[in-house]
Amino acid sequence: MIRVIHAHPYPGRSRTNRALAAALSGLPDVDVRSLYDLYPDFDIDVVAEQKALEEARLVVWMHPVYWYSVPALLKHWFDKVLAFGWAYGDGGTALSGKRCLWVPTTGGAESTYQPGGMHAHAFSTYVPVIEQTARFCAMRWEKPYVVYGADDLDGARLAEHSAALVERVSALREPETSATAGTAR
């Protein structure tokens with residue numbers, strides 16, 4: 001089972017995130033959980049979310065980048081769902097060993113995430129906080145699938161990203177072999 005935790009504050013206006021989520025929802029054993037549709041009042045059903053994660057082998061965090069991080073509801077979801085004693089700390093092993101793939105989308109082109117660009121830093125500068133969230137829960141961090149310039153993608157490029165993401169997630173659904181286990185991510 002693959003759980004996609006989709007957090008777009010305006011899902012109806014999202015072209016790129018909506019297309020990516022739709023592409024993944026077409027795969028067998030994929031459950032896309034659109035947080036802003038499920039919890040518009042931010043009142044997260046922690047038990048339901050934890051149960052959904054317990055059933056997953058792969059967890060995908062998909063969202064647009066907001067102020068170099070996650071949207072507010074996803075941050076709130078992290079705070080509530082990834083609880084001490086469940087996701088980390090004493091007895092907190094519920095997510096241990098599960099794969100985690102981060103799928104952020106940016107409004108700016110990749111060139112804007114460079115020294116001298118509008119954001120002054122490579123996008124990799126913003127990865128450690130999300131990566132550490134997964135690693136702190138003993139999840140196996142996968143290399144992120146970043147979609148740059150999401151606001152300006154034409155239909156063909158959006159279709160390419162959707163297909164590439166489906167291919168990536170399909171590959172991650174397979175159990176790791178001894179040859180791939182423990183490799184750097």
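The values are calculated or read from the model by the stated rules, or taken from the named source; none is laboratory data. Every value quoted in this text rests on a predicted model; they were computed, and no experiment measured them. Virtual Cβ from ideal backbone geometry, glycine too; neighbours counted across all protein chains shown. Accessible surface areas use protein heavy atoms only, side chains included; no ligands, DNA or RNA. Shrake-Rupley method; radii C 1.70, N 1.55, O 1.52, S 1.80 Å.
For the reader, a short list of remarks on this structure follows.
- Computed P(r) (all Cα pairs; segment 44-185; 10 Å bins; percent): 10, 37, 36, 16, 1
- Stretched out straight at 0.36 nm per residue, the stretch from ASP152 to SER25 would grow longer than its current Cα-Cα span by 43.4 nm.
- When +1 charges are put on Lys and Arg Cβ atoms and -1 charges on Asp and Glu Cβ atoms, the dipole computed for the chain relative to its Cα centre reaches about 260 debye.
- For segment 1-125, the extents of the C-alpha atoms along the principal axes are 45, 33, 29 Å, listed from largest to smallest.
- Report summary: the helix-based calculation at 222 nm, which adds -39500 (n - 2.57) for every DSSP H run with n ≥ 4 and divides by the residues of the chain, gives -10000 deg cm²/dmol.
- Relative contact order (%) - the chain, alpha-carbon pairs under 8 angstrom, separation at least six: 24
- Approximate spin-label separation ALA164-TRP67, in nm, with each point projected 7 Å along Cα-to-Cβ: 3.0
- Calculated FRET efficiency for the pair SER124/PHE84, C-beta based, R₀ 25 Å, to 0.05: 0.30
- The stretch between ARG135 and ALA171, if pulled fully straight at 0.36 nm per residue, gains 10.9 nm over its current Cα-Cα span.
- DSSP H segments from the chain that extend 24 Å or more along their own axis, Cα-based, with Kyte-Doolittle mean of -1.0 or above: 155-173
- For segment 1-58, with +1 on Lys and Arg beta carbons and -1 on Asp and Glu, the positive-most of GLY12, VAL47, TYR36 along the dipole: GLY12
- Derived scalar couplings ³J(HN,Hα) [segment 87-94; Karplus, 6.51 cos²θ - 1.76 cosθ + 1.60; whole Hz; x for Gly, Pro]: 9, 7, x, 4, x, x, 10, 4
- Counting Cα-Cα pairs of segment 1-70 in 10 Å increments starting at 0 gives whole-percent bin shares of 20, 52, 28, 1.
- Average accessible surface area per residue within segment 43-134, 1.4 Å rolling probe, Å²: 45
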